Structure formats: structure tokens, C-alpha cells
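Since the structure comes first, as C-alpha cells, the remarks are kept for the end.
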Amino acid sequence: MEEYEIIGGVPLRGKILVAGSKNVALKVIIASLLTREKIVLRNIPDLSDLRVLYELIASFGAKLKRHHKTVTIEAKNLSPFNISIEKSKKLRASYMLIAPLLTRFDEVRIPNPGGDKIGARPIDRSLNGLKHLGASIKECDEGYICAVRNGLRGITHRFEKNTHTGTETLILAAALAKGKTVLENAACEPEVDDLIRFLNSLGANIKRVKERTIVINGVSKLHGGSYKIMPDRNEVVTFAIAAYVTKGDIFIPNAQKEYLTSFLAKLEEANCKWQERRKGLQFTHSVLPKATKLTTMPHPGFMTDWQGPWTLLMTQAKGNSITHETIYEDRFGYVGQLQKMGARISLFNPEIKNPEKLYNFNRTDNKNGSFHAVKISGPTMLTGTNLTIPDLRAGATLVLAALSAKGKSTLTGVEHIDRGYEDFDIRLKKLGAKIKRETI
Ligand code: EPU
């Protein structure tokens, strides 16, 4: 097991490049199975989630080579008849393999996916879409989904609610289906559009015609190619908040402002100084932040992945703040840990008139005991202590909390961070952090 030891209270300063986006890397690797020709992917970060995916696809025949940030994939001959359920369970995105495999095989058997424990995370919206495209789908052996292709045909499909990977799964399946598919109420995260750009570079014909409508004209074949994926927006937000909570100053030359609009607007509301430079964005601590009320929303709203770091920032703001999570039903795994550090923060369920409409998740009755909001009173000086990381984004939040706190913190559960941040400790150290990684 690995742990971080952090001595807090040092302002982080300097320049840092963010890595390639995890949530694009996973999808372009899966999408590479749509063609038998060679694909070269660039700017791919070294993450444990990706290593699991490499092992998964190599286990059924994909040939992979990695050299620094470049990954070459050739999926000429695949035999995906016994996909590892243990490995699939480690990744939410693993179920997306169903789409490229259905374009290549008459029948496929896919393990149910996994990922962070942040709610039920079903995949009904993807499976309904695939059925609509013509596939027959049923739960077969325990823990597996079996799908029969039946010839995929273009359709107009409306997603009941937003689904990021669901939209991507349907795009992958429709790229090689017969005829035209129109996806309505489709997700519009920039990561979805990066996947579309990649597929079009291989010969696909996919266009976002309105903010939430995507048209896919099926083609008979995709060819090989080379593609550089976009920088990770989650990393930008993580390092930006690191600058504010440690009272530092961080410049990110490859931050893409156009994909961070809701975050930058919230920074302005909180009185946090940021600046666009000729290239990139600079985040500088100046004054005590102002308390805010935040509700997470699908893009272009404030992203759920950013609410943990934001809530931490609000522990340093003057007054009462609220963070309301509407995408996942249970994404406050870090709250108990912040309380241990002295944060004045409490969980609650806001009164909502129409929860079915507001919440992105299916189950809205709170009967499983989950909370959807927190109230934070600040500012509070946090104190270092022993912390347990429950999931990836909570992990980043707790590392930032420890960096901002007085004294020493020890964090276990570092493997969650390795899923989404490459060399997190090493890069933080370059900005001045006192952080040590140890095997225990
Ligand atoms: N949902 C359903 N049924 C479905 C699909 C989704 O009930 O068929 C619910 C989910 O349970 C969740 C909500 O709808 O409560 C949103 O799910 P969505 O499908 O949009 O997200 P996802 O596929 O679970 C991806 C990212 C997440 C990111 C969200 C929102 C990947 C691999 N994961 O998740 O990233 O938070 O979209 O943009 O792309 C992370 O990187 O830490 C992470 C969790």
C-alpha cells in the first residue's frame, strides 16, 4: 500500500503543464477497436485506469505499444470471448467496449462496469440506445451483459437524461451503422467532441448540429490514423484550486479557457483572481474568497468532478456556502475527512420541487441514505491529520486540503489518485509542495 505524507502551509507557485485528458484517453483507446488498421494516439497520460484498459484489450488480441506519451494500437484480430470481469470492474468506461465489439462481432458478452463508488451508476441509457439501434441485449451470466447485433441501423434517439459515456457509446456504435443516426439530448462535454474529432480523422461522418444534437452518418469502414488528445480540464481545476487554498500562484500554459467557462465565472463570483496570458491561464491568490452557492450541472454547467476542490475552497471563504451535487447521488465521500481537519461543513438534502427533473441520476428518493448537498461555514484553518481517500476526485480534494492545512497529514488510498493523475506528488513537489510518497 502507498501513502502520502504532506506538510501543509507552503504556497504553491510556478508553471505546470496539465496532462492529456483521462476521460478522452479511455474513449479513444476503446474507439481504436473500430478499425483493423494502426492507430497512433498522442498526449496519453500514464494512469492506472489506462493500464487496466491496455491489459483488458490486449487480453483479447489488440496489439499495443507505449513510448512515453504515445500509444500505438492495432486491433487486427480480436477474440473477445472471455473478457476479465475483475479488470472491467475497475473501470466505468469498460462497458463502452460493447460498441466497437458489436460492430465487429455478431454477438458479444461484456462484464458490467465498475469505477468510483459515487452512486449506483447504471448503464440503462446506453443499453436502451443500443437496443434502439437494433441490438438485442440481456443480462446473461451473472455480472455480464450479452448483446446480439442484428445489424445496427441509424435511428433518431433521444436520451432521457444526460449521459456522458452513454452518448459516446452510441456515437461509437452508430459510426459504422447503416444510415443516419440522430442523437438528441446528447451530452456536450468537450471530451465528447474530442472523441468525435478523433473518429472523423479516421473517416467517420459525425457532426454536432446543435448544442445537444449529434448527427452520425454511418460509414462502411474507418481507417487508421494519428491523433493528439486534449489536455485534462480536471487537472486545470485541481491545480487552480491548489493555488488559491495554499495562497500561491500557478500558471498553466496549456489550459483551454473555452472549456472552463463555468469554472472561471464561479472564480469571479468568489473574488478569486485569474488571468488569461498570451498562452494559458494564471491563477493567483489575492484576497479571502467570497462564499458561493454552487449547483453542479452537465456541461456547460459547473462540472461534478470539480465540486470537491470547490467545496474545499469554500472552507476558506467568508460566510456560508452551499454545494449542491445533481449529477451523482453520492459524491461527498470527502466530507467526513474535511470535518476531521476542522472544516465546518455539514451534509443535507435540499427541498426540491421536481427532483426527477433536476437530478441526473435515476433514484431521487434519498431512501438509500445519500446526501446531495453540503453547507460550509468559513473561513476555517484546517489542521493536518490522518486521512483516508475514498475515490479519485475526493482524493485530489484531500491532497489539496492537506497542502493548505497547518501541520502534517498522512493520506492512505493513494491508488485512487493514480487512476486519474500522473505523478501527482512529483508534479506538486515541483510547485513547492512538501509531499512524500511512501510504501507502507
Ligand atoms: N446514469 C444513469 N443511467 C445511465 C447513465 C448514467 O442512471 O445509463 C446516471 C449516473 O449514475 C450518474 C449520472 O447519470 O448519476 C451521470 O452519468 P454519466 O453517464 O453522464 O457519467 P459517467 O459515464 O458515469 C463520465 C465521466 C465522469 C464524469 C461524468 C460527468 C468517464 C469515464 N467518466 O461518467 O468522470 O464525472 O461523465 O461528466 O468519462 C472522473 O473522471 O472522476 C469521473 C467520474
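The values are calculated or read from the model by the stated rules, or taken from the named source; none is laboratory data. What you see is a predicted model; the values in this text were computed from it and never measured. All Cβ positions, even for glycine, are placed from backbone atoms using ideal geometry, and neighbour counts span all protein chains on display. For accessibility, only protein heavy atoms count, side chains too; no ligands or nucleic acids. Shrake-Rupley method; radii C 1.70, N 1.55, O 1.52, S 1.80 Å.
If the elastic network links every pair of Cα atoms under 10 Å, which of Glu184, Glu258, Glu37 fluctuates the most in the Gaussian network model of the chain?
Residue with maximal mean-square fluctuation among Glu184, Glu258, Glu37: Glu258.
What is the distance, in nm, between label points placed 7 Å from the Cα along the Cα-to-Cβ direction at Lys408 and at Cys146?
Computed distance between label sites Lys408 and Cys146 equals 5.7 nm.
May I ask for the Kirkwood hydrodynamic radius of the chain, worked out over all distinct Cα pairs and given in angstroms to one decimal?
After inverting the mean inverse Cα-Cα distance, the result is 22.4 Å.
As a test of understanding, state the convex hull volume per residue of the range 309-387 from its alpha carbons, in Å³.
90 Å³
At 1.4 Å probe size, with every protein chain present, just tell me what the per residue accessible area of the chain comes to in Å².
41 Å²
Mind checking the full-extension length gain between Ala265 and Lys89? Use 0.36 nm per residue of separation minus the Cα-Cα distance, one decimal, nm.
Using 0.36 nm per residue and subtracting the Cα-Cα distance, I get 59.7 nm.
Considering only Thr326, Thr156, Thr304, give the residue with the highest GNM mean-square fluctuation for the chain, with springs between Cα atoms whenever their separation is below 10 Å.
It is Thr156.
Sort the range 153-284 into rounded, prolate or oblate with this rule: let a ≥ b ≥ c be the square roots of the eigenvalues of the Cα gyration tensor; rounded if a/c is under 1.5, and if a/c is not under 1.5, prolate when a/b is larger than b/c, oblate otherwise.
Prolate, since a/c reaches 1.5 and a/b exceeds b/c.
If ligands, DNA and RNA are left out, what is the accessible area of Asp141 with a 1.4 Å probe, given in Å² to the nearest 10?
80 Å²
Beyond 14 Å, what share of the Cα-Cα pairs of the range 1-63 is found? Please give it as a whole percent.
Result for the distance tail: 68 percent.
Calculate what fraction, in whole %, of the accessible area of the range 111-201 sits on carbon and sulfur atoms when a 1.4 Å probe is rolled over the protein chains.
After summing per-atom areas, the C and S share lands at 47 percent.
What Cys residues in the chain are without a partner cysteine, judged by a Cβ distance under 4.7 Å?
Among the cysteines of the chain, those whose Cβ sits 4.7 Å or more from every other are Cys188, Cys272.
Each label point is 7 Å from the Cα along the Cα-to-Cβ direction; what then is the distance between the points at Lys161 and Asn349, in nm?
Roughly 1.4 nm, to one decimal.
How many angstrom lie between the Cα centre of the range 74-111 and the Cα centre of the range 268-296?
42 Å
Could you state the number of Å between the C-alpha centres of the range 329-401 and the range 227-262?
Between the Cα centre of the range 227-262 and that of the range 329-401, the gap is 22 Å.
Indicate the gyration tensor shape class of the range 338-440 (rounded, prolate or oblate), computed on the Cα atoms with a ≥ b ≥ c the square roots of the eigenvalues: a/c under 1.5 is rounded; otherwise a/b larger than b/c is prolate and the rest oblate.
prolate
Once label points are set 7 Å from the Cα along Cα→Cβ at both Glu258 and Ile426, what is their separation, rounded to one decimal in nm?
Taking the simple label geometry, Glu258 and Ile426 are separated by 3.2 nm.
With the dipole of the chain worked out from charges on the C-beta (+1 for Lys and Arg, -1 for Asp and Glu) around the Cα centre, which of His132, Phe332, Gly280 lies farthest toward the positive end?
Highest projection toward the positive end goes to Gly280.
Can you say what percent of the DSSP beta bridges in the chain, counting only those with both residues inside, are antiparallel? Round to 5.
Of the beta bridges lying entirely in the chain, close to 75 percent run antiparallel.
For the chain, modelled as a GNM with alpha-carbon contacts under 10 angstrom, which of Gly134, Gly225, Gly369 fluctuates the most?
Of Gly134, Gly225, Gly369, the Gaussian network model singles out Gly369 as fluctuating most.
Treating the beta-carbon of each Lys and Arg as +1 and of each Asp and Glu as -1, no other charges, what is the dipole magnitude of the chain about its Cα centre, to the nearest 20 debye?
1000 debye
Using the alpha-carbon centroid of each, what span in Å lies between the range 12-63 and the range 145-205?
Cα centres, the range 12-63 to the range 145-205: 19 Å.
Return the carbon/sulfur percentage of the accessible area of the range 312-377, one whole number, probe 1.4 Å, all protein chains in place.
Roughly 47 percent, rounded to a whole number.
Mind checking the range 317-390 for GluC sites (Glu not before Pro) that DSSP puts in a loop (not H, G, I, E or B) and that have at most 11 other Cβ atoms within 10 Å?
Those that pass, being in a loop and sparsely packed, are Glu351.
Tell me, in nm to one decimal, what length is gained between His223 and Thr72 on full extension, where the rule is 0.36 nm per residue of separation less the Cα-Cα distance?
52.9 nm
When only DSSP loop residues count, what chymotrypsin sites (Phe, Trp or Tyr not before Pro) in the range 9-102 have their Cβ near at most 16 other Cβ atoms within 10 Å?
For chymotrypsin sites (Phe, Trp or Tyr not before Pro) across the range 9-102 that sit outside H, G, I, E and B with at most 16 neighbouring Cβ atoms in 10 Å, the list reads Phe81.
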